[in-house]
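Visitor: Have a look at the structure that comes next, please.
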Amino acid sequence: MQQSIEKKQQNGNMVTAILFTAIVLISIFATKSYLRKLLHGCCENETSKNEGDMNKTIDKKNYPYCHRILIYGMTCAFCKSRIENEFNRLKGYYIEVDLKNNCAVLYTMRPIVREDVINRIRSLGYHVFKIYAETK
């Protein structure tokens with residue numbers, strides 16, 4: 001009877017040790033991931049499919065339509081360049097992203113279809129909170 005109790009205690013201690021080790025390992029990996037994100041941004045190793053300098057020199061007078069877009073999910077310079085590259089490669093579009101204020105200003109030569117703009121931003125992994133027209 002005494003041996004049976006001791007065996008159960010040993011099994012209980014073994015399970016506790018395994019659970020403790022698993023929790024410690026998960027904590028270490030989570031902390032490491034969080035620190036990497038803090039130090040290097042969310043997308044440090046990713047490359048854009050539209051690599052290169054997509055900044056075009058524009059005369060905003062040629063873009064009569066202007067919209068401010070509130071975007072959720074941008075955290076680093078790569079996020080900014082992804083959105084800028086996506087729109088600036090399109091004829092008749094120019095966008096400037098402001099990470100600090102989680103927004104972008106979209107200049108276009110023609111009226112926009114809001115659903116198209118929202119879907120394009122969603123396809124990049126971000127969420128549009130609001131789009132509203134701005135006067136220039």
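Visitor: What are the residues in segment 96-128 that are under 19 Å from SER81 (Cα atoms) and in contact (Cβ under 8 Å) with a residue 40 or more places away in the chain, if any?
Guide: LEU106, TYR107, THR108, VAL117, ILE121, LEU124, GLY125, TYR126, HIS127, VAL128
Visitor: I need the full set of residues from segment 82-92 which are in contact with a helix residue (DSSP H, G or I) (Cβ under 7 Å, 6 or more places away or on another chain) and surrounded by fewer than 21 Cβ atoms within 10 Å (Cβ to Cβ), in order please.
Guide: Once the filter is applied, which keeps residues that are in contact with a helix residue (DSSP H, G or I) (Cβ under 7 Å, 6 or more places away or on another chain) and surrounded by fewer than 21 Cβ atoms within 10 Å (Cβ to Cβ), segment 82-92 yields only GLU86.
Visitor: Would segment 104-125 turn up any residue that is over 25 Å from PRO64 (Cβ atoms) and touching a Phe, Trp or Tyr at 6+ places or on another chain (Cβ under 8 Å)?
Guide: no
Visitor: Just checking, does segment 48-58 include any residue being within 22 Å of ASP98 (Cβ to Cβ) and at pLDDT 75 or above?
Guide: For segment 48-58, residues within 22 Å of ASP98 (Cβ to Cβ) and at pLDDT 75 or above: present.
The values are calculated or read from the model by the stated rules, or taken from the named source; none is laboratory data. Since the model is a prediction, treat every value here as computed from it, not as a measurement. All Cβ positions, even for glycine, are placed from backbone atoms using ideal geometry, and neighbour counts span all protein chains on display.
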